[in-house]
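So the structure is just underneath, and the comments pick up after that.
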Amino acid sequence: MTNKSSAEVKAFFDHDTYTVTYVIADHTKGICAIIDPVLDYDPDSGRTHTASADQVIDYINEKNYTCQWILETHVHADHLSSAPYLKSKLGGKTAIGNHVPDIQKTFGPIFNAGPEFAIDGRQFDHLFGDNETFKIGTLKGTVFHTPGHTPACVSYIIGDSCFVGDTLFMPDFGTARCDFPGGDASQLYDSIQRILSLPDDTILYMCHDYAPGGREYKWVTSVKEQKEQNIHIASKNREQYIKARTERDAELSMPKLILPSVQVNMRAGDFPPTDDNGVSYLKIPINML
């Protein structure tokens, strides 16, 4: 898909985690960024593989693009990030919002990460502040701090598109949950309103889709469509949304990959330090979440 700002957007959908990874390119300059890349992980065996990331690499190499950024919208709880692998193959700077230390300070103790685990976000190459701008070639990007799902969520506005992370889903699925540590339904409502203050024709790219009712998977919508059709926010005021979101969250189980995902992603996609046998281990905290 090419929009009027010369941004070329390619989506890669991972059926195992229902996650959409994007490559956004200034095709006139051959410069691109990657948003929310997936590392394949088998929870039964504890093994990882790179098939999803390799699809992204093959596409970028086929297009002869140079990778400038590897961007995360937040510390994901439903998939592991492949940012370190992509950086080793393609280059580029890893980046996330500058509230990521809030996540590290919360989950570091949960996983007993120890004093060697830095809680200042230094694992990432760059931490974006609210309203900070950046470039992908000649394309201008702007960062919105959009907390609620987590305290550190950001959305990326690039040209006439917005990559919303875990704030909004497709209108027939509603909005993101807010019951993780540090989540807040009132903050998410305000964040969503900020996104919906963009022009009605702004293209919105979802981070996930779950195909409710068995429809085909979709991940592209618009501000106008969300305002009019989103089942959680259309015709609801702030108080009504917070009540409905809180009641819905109380019914949800934890994502099946939250424990491996968070302890890897809070490290910018790196695994925990290896033990004296050279093996990296993921911890399963008992009765903590």
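A compact table of results
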read-out: Of Thr17, Gln123, Phe169, farthest towards positive along the dipole that unit charges on Lys, Arg, Asp, Glu beta carbons give the range 7-253; value: Gln123
read-out: GNM result for the chain, Cα springs below 10 Å: residue of Ser161, Ser52, Ser235 fluctuating most strongly; value: Ser235
read-out: GNM flexibility winner over the chain from Thr17, Thr274, Thr66 (Cα, springs under 10 Å); value: Thr274
read-out: Debye intensity ratio in log₁₀ form over the Cα atoms of the range 7-253, taken at each q of 0.14, 0.17 Å⁻¹; value: -0.95, -1.42
read-out: Computed E for Asp179/Gln55 - FRET, C-beta separation, R0 22 angstrom, nearest 0.05; value: 0.10
read-out: Value of relative contact order over the chain, rounded to a whole percent, pairs C-alpha under 8 Å and six or more apart; value: 17 percent
read-out: In range of the label at Tyr281: residues from the range 21-60 whose backbone nitrogen is under 20 Å from the point 7 Å along Cα→Cβ; value: 42-48
read-out: The range 42-152 shape via C-alpha gyration tensor axes, a/c threshold 1.5; value: oblate
read-out: Beta bridges per DSSP with both ends in the chain, % antiparallel, nearest 5; value: 75 percent
read-out: Euclidean distance between Cα centres, the range 187-266 to the range 113-171, Å; value: 16 Å
read-out: Likely footprinting exposure, Thr50, Thr28, Thr175, fewest C-beta neighbours within 10 Å first; value: Thr28, Thr50, Thr175
read-out: Residue order, fewest to most beta carbons within 10 Å, for Trp219, Trp69; value: Trp219, Trp69
read-out: Cα gyration tensor, the range 133-289 - rounded (a/c under 1.5), prolate or oblate; value: oblate
read-out: Highest-fluctuation residue, Gly213, Gly148, Gly137 considered, GNM on the chain with Cα pairs under 10 Å; value: Gly213
read-out: Mean Cβ neighbour count within 10 Å, used as a protection proxy, ranking 248-258, 31-41, 195-205 highest first; value: 31-41, 195-205, 248-258
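A short reminder: the numbers here are calculations on the coordinates, not readings from a lab. Please read all numbers here as calculations on a predicted model, not as lab measurements. Backbone-built Cβ (ideal geometry, glycine too); neighbour counts: all protein chains shown.
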